[in-house]
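Working notes, beginning with the structure itself.
Please treat every number below as a calculation from the coordinates, not as lab data. The model shown is predicted, which means the values in this text are computed figures rather than measured ones. Cβ placement follows ideal geometry from the backbone for every residue including glycine, while neighbour counts extend to all protein chains displayed.
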Amino acid sequence: MSKKRLRIAIQKSGRLSESSVQILRGCGIEFGNGLGKLRSSARNFPVEILFLRDDDIPQYVEDGVADAGIVGENVVLEKGFKVETALRLGFGRCRLSLAAPKQFAYEGTGDLEGLRIATSYPKILSGFLERHSIDAEIHTISGSVEIAPSIGLADIVCDLVSSGSTLFTNGLKEIETVLESEALLIRRSSLESDLEVLFEKLCFRIRAGIEAEKNKYVLLNAPNDKIGRIVDLLPGMRSPSVLPLAETGWSSVHSVIAEDDFWEVVENLRAEGAEGILVLSIDQMVI
Ligand code: PRP
Ligand code: ZN
């Protein structure tokens, strides 16, 4: 009997496609890029990748066509299917926002009363309107929401904003954020035990990749009398490694620092007498 494969659905083409492929390849999983294909079996890990429309992924996962999927939080919340979030993936960040024509003088949510709002996210939008006790008309359309005001279909829109260029080229400005979103790894709540084991393995690898991206590996040299102060600046995974250099009186310090504060740490290290500072990317980090 052939072994079971874990089926993972990812977006076929769109904002999340490339990063979804990269995060799986970053786990050492080798597969074709899905060009002209709906599915691709990995060569070295028992998974099958399904390339689908992102909007369909939550339903496929709930129905069991796929066991897991990578999809925007916005889609998961809008669709309301019963799927579990296993990991927040930290890419594909965007906002679902209300946007109005540039000349619209907006002062607060009270100005939304009675407006016609075009969106592909009626469920999330109606929740927002209810929370703010606003009575407005929702026009659900499936695509090209940004042109609705210019053709007279709506007064304003509620749409995804990533770089903001779609709004800008359509003469719209953001007036309210309705939801912040990022890519999620979702799964069906009940997986057969062999698939559960595979899914755990996959999560373990993805987490190692996510942690690695948040951190840098730093190496530096310093005279021994400065090592104490330098070590105090470096958290390290447990604590920094200190190794003697061939030249007496000098040591080399190795550590891991968070990407977010690495420039500040590097400046402080230099100020404390560190020399020859090297900062390297980390491929995987198992903590
Ligand atoms: C969203 C949204 C806009 C665009 C905004 O579509 O509908 O068209 O991205 O991005 P920008 O601010 O960088 O211009 P998405 O990629 O989610 O595609 P989809 O609606 O087809 O799923
Ligand atoms: Zn979509």
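Pairs of Cα atoms under 8 Å, at least six residues apart: use those to get the relative contact order of the chain, whole percent. Walk me through the numbers on the way to the answer.
Values: 549 pairs, mean separation 53.3, N = 287.
Relative contact order, the chain: 19 percent.
Count Lys and Arg as plus one, Asp and Glu as minus one, and take only other residues whose Cβ is under 15 Å from that of LEU153; the net charge is then -3. Per-peptide packing, taken as the mean over residues of other Cβ atoms within 10 Å, places 63-71, 123-131, 107-115, 45-53 in the sequence 63-71, 45-53, 123-131, 107-115 from highest down. For the Cα atoms of the chain, what angle does the longest principal axis make with the long axis of helix 122-131, in degrees from 0 to 90, nearest 10? Once rounded, one gets 90 degrees.
First check a/c for segment 87-134, with a ≥ b ≥ c the square roots of the eigenvalues of its C-alpha gyration tensor; if it is under 1.5, answer rounded, and if not, answer prolate when a/b is larger than b/c or oblate otherwise. Provide the component values of the computation, followed by the final result.
On the way: a/c = 2.30, a/b = 1.62, b/c = 1.43.
Prolate.
Estimated purely from DSSP H runs of n ≥ 4, each contributing -39500 (n - 2.57), the mean residue ellipticity at 222 nm for the chain is -8000 deg cm²/dmol once divided by its residues. Considering only VAL75, VAL178, VAL242, the mean-square fluctuation computed in a Gaussian network model of the chain, springs between alpha carbons under 10 angstrom, is largest for VAL242.
Among rounded, prolate and oblate, which fits the chain when a ≥ b ≥ c are the square roots of the eigenvalues of its C-alpha gyration tensor, a/c under 1.5 means rounded, and a/b larger than b/c means prolate?
Cα axes put the chain in the oblate bin.
Between the amide H of LEU245 and those of TRP250, SER251, SER252, distances stay under 5 Å, these residues lying 5 or more places away or on another chain, with hydrogens modeled in the peptide plane.
Return the subset of LYS12/LYS82; LYS37/LYS216; LYS12/LYS173 for which the Cα-Cα distance in this structure is over 26 Å, preserving the input order. Present the calculation step by step, with values, prior to reporting the outcome.
On the way: LYS12/LYS82 22 Å; LYS37/LYS216 37 Å; LYS12/LYS173 29 Å.
Distance filter (> 26 Å) returns LYS37/LYS216; LYS12/LYS173.
Highest GNM mean-square fluctuation among ALA100, ALA42, ALA271, for the chain modelled with Cα contacts below 10 Å: ALA271.
Stokes-Einstein D for segment 91-200 at 20 °C, 1.002 mPa s, Kirkwood Rh over Cα pairs, in µm²/s? Intermediate values should be presented prior to the final figure.
On the way: Rh = 15.3 Å.
Here the translational diffusion coefficient equals 140 µm²/s.
Residue by residue, segment 102-108 carries 3J(HN,Hα) couplings of 3, 7, 5, 8, 9, 10, x Hz when phi is fed to the Karplus relation 6.51 cos²θ - 1.76 cosθ + 1.60 (θ = phi - 60°); x denotes Gly or Pro.
Computed from Cα positions, the angle between helix 262-271 and the longest principal axis of the chain comes to roughly 30 degrees.
Charges at C-beta only: +1 for Lys and Arg, -1 for Asp and Glu. How large is the resulting dipole of segment 1-82 about its Cα centre, in Debye rounded to 20? List each step's numbers first, then the result.
Values: 13 positive and 11 negative charges, 84 e Å.
Dipole magnitude for segment 1-82 comes out near 400 debye.
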